[in-house]
1. Only Cα pairs under 8 Å and at least 6 apart count here; give the relative contact order of the chain as a rounded whole percent.
2. From the C-alpha coordinates alone, can you work out the Kirkwood hydrodynamic radius of the chain, in Å?
3. Tell me, what HN-Hα J-couplings in whole Hz come from the Karplus equation 6.51 cos²θ - 1.76 cosθ + 1.60 at θ = phi - 60° for each residue of the stretch 289-303, using x for Gly and Pro?
4. Could you check what % of the DSSP bridge pairs in the stretch 71-172 are antiparallel, to the nearest 5?
5. Taking 0.36 nm per residue of sequence separation and subtracting the Cα-Cα distance, how much length would be gained by fully extending the chain between LYS162 and GLU261, in nm to one decimal?
6. Considering Cα pairs under 8 angstrom that are at least six residues apart, work out the relative contact order of the stretch 338-439 and quote it in whole percent.
7. Would you mind ranking LYS142, LYS166 so that the residue whose beta carbon has the fewest other beta carbons within 10 Å leads the list?
8. Pull up the DSSP beta bridges for the chain and report the antiparallel fraction as a percent, rounded to 5.
Amino acid sequence: MNYLIIGASAAGISCVEAIRSIDMEGKITVVSDENYPVYSRCMLSYYLAGIIPEGKLKYREDDFYRKFNVNAIIGKKVDAVMSSDKKVKLSDGSVLTFDKLLIATGSRSKMEKIPGIEKEGVFGLRNIDDARKIEKRLQNSKAAVMLGGGLIGLRAAYALHKRGIKVTVVVKSKHVLSQMLDEEGAKFIQDKIEKEGIKVLTGLAAKEILGNKCSPRIHSGVSEANSVSGVVLENGEKIDCQIVIIGKGVQANMELVKNTEIKTEKGIVVNDYLRTTVSDIYAAGDVAQANDLITGESTINALWPNAVIQGKIAGFNMVEKNIKYDGSISMNSVEFFELPTISCGITKPKGEEYEILVRKNIASSIYRKIILKDNKIVGFVLVKDVDKSGIFGLLLKKKINVSSIKEVMMGNNFDFAKIIPLIKQYKSEFAEKEYSEILI
């Protein structure tokens, strides 16, 4: 069997390991447009903050490809998938064939069409090259503006603040982390980061990115010609800065399947087995539009854990295991200035069918919000008091009726012992042992 995997991040690497756990003889080729060894994108902000060195970004050893007998083609991009011929065309014009193909090309930062966005000093933060360029720019920078108050924007803001850079976060929404948290939960985070010295401006967007018009000069390898000097907001306010980071979300890298029979919407559409609309071609990770476990909708939950599981199940199915993927979950966790936050599932419900339980302590920055539908947890938000997230996550994933423990669930003494009777009553629709062996 000739397996081809496009992409060498969470989904692609997980797929390699799944295939090799069953098929030790088949040919595996991995194509990646990055030159760096296998690394964790989740750790980029920690590297940028100076908390970890670049070498600590690796999450597999340098000899990973050799150990798994993989032909790795590094630093080349797949320009097109020729699905009917079972071939792909690379950026250098060469062509590869396959029997089974996984598309795990991930996503990239959404770059807004703002006048001046082409100037030196404007970045996304999606890969190691982005982080390296920002790191280099820091040497001659005093201030930075983050356009976007989501996870990317806030993580970048936190990282640069740790490096002594004056940071302003500009958010079009009414509050930070609008895709992850409700307004009440987000206020705890915003208050904390502002108290620590990061300025947050909500309800505003950038009108223009300004740049120097001086003659070219070079300092520490960074040109000042056409270099960022500030941002003008839509209210006319000007913020001086030398770095602008765009953190307005991500978009799937799916151009390579253009003009094929592979169906695309927000991403590459896959079925319950992570197979695309073309036989023998699969997709996983941030590029894959799969079923959402909570809402039942076809969507992209661009998260590392989801990519790992999807890559693993896709790998098993590429060797004919026929394992069903139950669906992805929108779950995020972040910690700023020792204030941890976790959200999962539906956090901003609309409709009378939802029941909302809230417990909060403003003085202690503690917030717990549980969203129920038909007495089953469909979402939660936890700020600071996050040690119960595993229990709530289990109840949510298994869709267990919690009507008998509603009051206990919101108390200080709620723990795993309180849900043991419910677990015993729970009747799984699949073989628990088999499922656990797949995902562990």
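1. 15 percent
2. So the Kirkwood estimate lands at 23.5 Å.
3. Once θ is set to phi - 60°, the couplings for the stretch 289-303 become 9, 10, 5, 8, 4, 8, 8, x, 7, 8, 7, 10, 10, 7, 10 Hz.
4. 60 percent
5. 30.9 nm
6. Here the relative contact order equals 23 percent.
7. Fewest to most other Cβ atoms nearby, the residues stand as LYS142, LYS166.
8. Just about 60 percent of them are antiparallel.
Read the figures in this text as sums done on the coordinates, not as results from a lab. A quick note: this is a predicted structure, and the numbers were derived from the prediction, not measured. Backbone-built Cβ (ideal geometry, glycine too); neighbour counts: all protein chains shown.
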